[in-house]
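Student: The following block contains the structure, expressed as C-alpha cells.
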Amino acid sequence: QVQLVESGGGLVQPGESLRLSCAASGMIFSNYNMGWYRQAPGKQREWVASISTGGSTRYLDSVKGRFTISRDNAKNTQYLQMNSLKPEDTAVYYCTATYWRAYWGQGTQVTVSS
C-alpha cells in the first residue's frame, strides 16, 4: 500500500520559486530511489529529476541549475525546490518511488504565468 502525496504546487509568476513536497507511506522509504516527472497538456510525460537511496542526484538539462531535488529519510519525504521558474515549467508534477517497481503520486499542478 505504497502511497505518495504531492503538495506545494500553485500559480506563480516567471522568476519566482516553489517547493514541492512528496510524503511517502507504506514502504521503507530509505530503500527507494525517488524522483519527479512532469506532464503538460498535450505533451508526453518527461523525467525531471532523480535522487538515489545514497543521495546522488540527476537532472533534466533544462532544469539544471534551477531545480534541486532532496530527500529527508527521517520524514519519509522528498522535495523539489524550483527556482527561476519559467512558463515552460508549467505542468502537473508527479512524485515517483522506485524499488522493484515504480510507484506514482497523483500529481500537483504548477502554473507559471504572468
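The values are calculated or read from the model by the stated rules, or taken from the named source; none is laboratory data. None of these values were measured; they are calculated from a predicted model. Because the Cβ atoms are built from the backbone with ideal geometry, glycine has one as well, and the counts that use them run over all protein chains shown. For accessibility, only protein heavy atoms count, side chains too; no ligands or nucleic acids. Shrake-Rupley method; radii C 1.70, N 1.55, O 1.52, S 1.80 Å.
Student: Taking the stated definitions as given, is LYS64 of a type outside the set (S, T, N, Q) and over 15 Å from the mean Cα position of the chain (by Cα)?
Tutor: Here the answer is no, as LYS64 does not meet what is asked.
Student: Just one of TYR37, TYR79, TYR32 is among the aromatic types (Phe, Trp, Tyr) and more than 19 Å from GLN109 (Cβ to Cβ); which is it?
Tutor: When all the criteria are applied, what remains is TYR32.
Student: May I pose another question? Go through the stretch 10-42 and give me each residue that's without any contact (Cβ under 8 Å) to a residue 40 or more places away in the chain and open to solvent by 50 Å² or more (accessible area, probe 1.4 Å).
Tutor: ILE28, PRO41, GLY42
Student: Moving to a separate point now. With respect to ARG45, determine if the residue is modelled with pLDDT of 95 or more, under 12 Å from the mean Cα position of the chain (by Cα) and not hydrophobic (A, V, I, L, M, F, W, C).
Tutor: In short, no.
Student: A further question follows. In the stretch 44-87, what count of residues is obtained for those that are open to solvent by 60 Å² or more (accessible area, probe 1.4 Å), among the charged types (D, E, K, R) and more than 20 Å from GLY10 (Cα to Cα)?
Tutor: Qualifying residue count for the region: 4.
Student: Can you pull out every residue in the stretch 93-109 that is of a type outside the set (Phe, Trp, Tyr) and either in contact with a helix residue (DSSP H, G or I) (Cβ under 6 Å, 6 or more places away or on another chain) or within 27 Å of SER30 (Cβ to Cβ) (or both)?
Tutor: Answer for the stretch 93-109, where residues must be of a type outside the set (Phe, Trp, Tyr) and either in contact with a helix residue (DSSP H, G or I) (Cβ under 6 Å, 6 or more places away or on another chain) or within 27 Å of SER30 (Cβ to Cβ) (or both): CYS95, THR96, ALA97, THR98, ARG101, ALA102, GLY105, GLN106, GLY107, THR108.
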